[in-house]
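Engineer: Pasting in a structure now, in structure tokens, and then I'll have a few things to ask.
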Amino acid sequence: MIYKVEKNLRKKIIPMFEDMDDTMILSCLQGHMGEVYVDNLDNPTVAQIIVGLFIFYAGNVKLDVVDELLCNLPQDSLVIVETEEWKNKIEEIHKGRYEKFDRYSFKQDAKYLDYNHIKSFISKLPVDYELKKIDEKITKSDFFINHTKDFTEQYESVEDFLNRGFGYCIMHGEKVICCATSYSIYDGGIEIEIDTDPEYRKKGLATIASAALIIDCLDRGIYPSWDAANLNSVGLAKKLGYVMDKPYDTYYIEYNK
């Protein structure tokens, strides 16, 4: 049997995840968002963290309860673990319904982020386009609604996103075509999320929206963390000044309960 951990008790499982530096783990363990499940509330030895689509596991993979934890998933999940034992267990339990691919982490150090270099991209906004901070009206646009899973699923509501999160969008006329937002929040930082309308890609718009978000973070004294799902995202991050740390294994699991 597994148990949900209340926010005020999450510090107990911090040691289990000390070798994993993903900011979404911090978001959850610091009580900002997400859910935690364990095998035992008083003396947990294995744990699951859920933040939006992202799932993390750590602890004793050999326990019988691990099978239950590995099936405690939303329909679509991105699962990340640290050890080969955990990877083997995922591949055993979810055989035939997972895809394994690389994501890319970046060094978490603001010294690589040149303020003036990043800010210079904002002035490159093409004529007939507008850069705006995301407000309630933007969250009601078709583009934002169609990307709700990316922008707000890990918050309690859209209103919660507007209260605790933030972001920037680019508009073409009345149409929202690109957004860069705080996917998640943690003490002293955010995790960046970017989406662009396919018809408007390769125009530098994601660079501009991301630059606006990063500059806002630096002005606030918080860190804009970047984690890339593909090589296009890696290229954009490097363009802005981020330095890649390493690729790491990620499992996409489609699970129907």
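The values are calculated or read from the model by the stated rules, or taken from the named source; none is laboratory data. The model shown is predicted, which means the values in this text are computed figures rather than measured ones. Counting neighbours? That spans all protein chains shown, and the Cβs are built from the backbone with ideal geometry, glycine included.
Engineer: Within the stretch 188-207, is even one residue in the same structural domain as Thr148 (by TED's automatic domain parsing), crowded, with 21+ Cβ neighbours inside 10 Å, out of contact with any helix residue (DSSP H, G or I) (no Cβ under 8 Å at 6 or more places or on another chain) and aliphatic (A, V, I, L, M)?
Structural biologist: yes
Engineer: Under 6 Å between Cβ atoms, at least 6 apart or on separate chains: pull out the pairs that start in the stretch 126-149 with a residue that is within 21 Å of Gly204 (Cα to Cα) and buried (at least 16 other Cβ atoms within 10 Å of the Cβ) and end on any residue that is at pLDDT 95 or above and among the acidic types (Asp, Glu).
Structural biologist: His147/Asp195
Engineer: Now for a separate question. Name, by its number, the condition in (1) surrounded by fewer than 14 Cβ atoms within 10 Å (Cβ to Cβ); (2) farther than 28 Å from Gly235 by Cα that does not hold for Asp109.
Structural biologist: Here Asp109 clears every test but (2).
Engineer: Continuing with the same structure: Looking at Leu29, Leu41, Leu73, Leu53 in this structure, which one is touching a Ser or Thr at 6+ places or on another chain (Cβ under 7 Å) and either at positive phi or not assigned by TED's automatic domain parsing to the domain that holds Asp227 (or both)?
Structural biologist: Leu53
Engineer: Turning to a different aspect of this structure: Condition check: in a loop (DSSP other than H, G, I, E, B) and at pLDDT 95 or above. Does Tyr252 satisfy that?
Structural biologist: no
Engineer: What number of residues in the stretch 91-119 are without any contact (Cβ under 8 Å) to a residue 24 or more places away in the chain and of a type outside the set (D, E, K, R)?
Structural biologist: 2
Engineer: To continue, here is another question. Scan the stretch 196-213 for residues that are of a type in the set (Asp, Glu) and either over 21 Å from the mean Cα position of the chain (by Cα) or within 9 Å of Ile170 (Cβ to Cβ) (or both) and jot them down. Step through it out loud before you land on a result.
Structural biologist: Residues of the stretch 196-213 that are of a type in the set (Asp, Glu), as a first pass: 197, 199.
Within the stretch 196-213, Glu199 is the sole residue that qualifies.
Engineer: Which numbered condition in (1) in contact with a helix residue (DSSP H, G or I) (Cβ under 8 Å, 6 or more places away or on another chain); (2) surrounded by fewer than 20 Cβ atoms within 10 Å (Cβ to Cβ) is the only one that Arg97 fails?
Structural biologist: Checking Arg97 against (1) in contact with a helix residue (DSSP H, G or I) (Cβ under 8 Å, 6 or more places away or on another chain); (2) surrounded by fewer than 20 Cβ atoms within 10 Å (Cβ to Cβ), the one that fails is (1).
Engineer: Give Ser225, Ser182, Ser157, Ser233 a once-over and let me know the one that is crowded, with 16+ Cβ neighbours inside 10 Å, without any contact (Cβ under 8 Å) to a residue 60 or more places away in the chain and under 18 Å from Phe54 (Cα atoms).
Structural biologist: Only one candidate qualifies: Ser182.
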